[in-house]
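What follows draws every value from the coordinates through simple rules; no lab data is involved. All values derive from a computational prediction rather than experimental measurement. Glycine gets a Cβ as well: all are built from the backbone with ideal geometry, and neighbour counts include every protein chain shown.
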Amino acid sequence: MRVFKKDPADDSLEFVGEDQIDHTPRKEKLSLYIGNAFDIVAEHTLVDSKRSRRRVVETHKIELRNRKEEAITVFVDEKFPAWVNWWIEGETHKYEKRDAHTARFEVKIAADSTEIVQYTATQTW
């Protein structure tokens with residue numbers, strides 16, 4: 001599958017990217033990977049980490065830089081191991097618990113600006 005985007009300068013179609021898909025049943029969702037956005041940068045930093053016998057508490061910071069000339073929405077998925085209980089506190093942005101392993105932060109970033117997501121995750125087992 002090839003994806004094209006209309007160029008507002010001259011109304012021509014520009015090639016954006018392509019991906020292959022497998023057989024997909026009717027009315028089912030599919031995902032396409034059409035490339036990386038070179039003008040959006042994510043930088044992850046582990047700010048603090050405390051460990052004890054059956055507990056880990058970590059503070060994470062993700063700096064998101066949007067160098068586009070338009071506002072965007074970025075989804076930050078943080079993954080946790082299958083064998084831990086986890087929860088998040090002190091988050092700068094709301095998150096959604098997508099499944100037993102994934103927290104998703106939806107971050108809106110204005111044109112040519114930076115947004116910082118920070119949170120503290122506690123994991124026990």
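Worth pointing out:
- Here segment 24-86 is assigned +1 on the Cβ of each Lys and Arg and -1 on the Cβ of each Asp and Glu. Its dipole about the Cα centre then comes out at about 500 debye.
- Three-way shape label, the chain, alpha-carbon gyration tensor, a/c 1.5: oblate
- Taking each of Lys27/Lys97; Lys29/Lys97; Lys5/Lys97; Lys5/Lys108; Lys50/Lys97 in turn, the alpha-carbon distance tops 29 angstrom for Lys5/Lys97.
- Sorted ascending by nearby beta carbons within 10 Å, beginning with the fewest, Phe80, Phe38 become Phe38, Phe80.
- Rounded to the nearest 20 debye, dipole of the chain from Cβ charges on Lys, Arg, Asp, Glu: 900
- Loop-exposed trypsin sites (Lys or Arg not before Pro) per DSSP, neighbour cap 11 Cβ within 10 angstrom, longest uninterrupted part of the chain: 55-93
- For segment 63-123, the gyration tensor built on C-alpha atoms gives a prolate shape. Its axis ratio a/c (a ≥ b ≥ c) is at least 1.5, and a/b is the larger of a/b and b/c.
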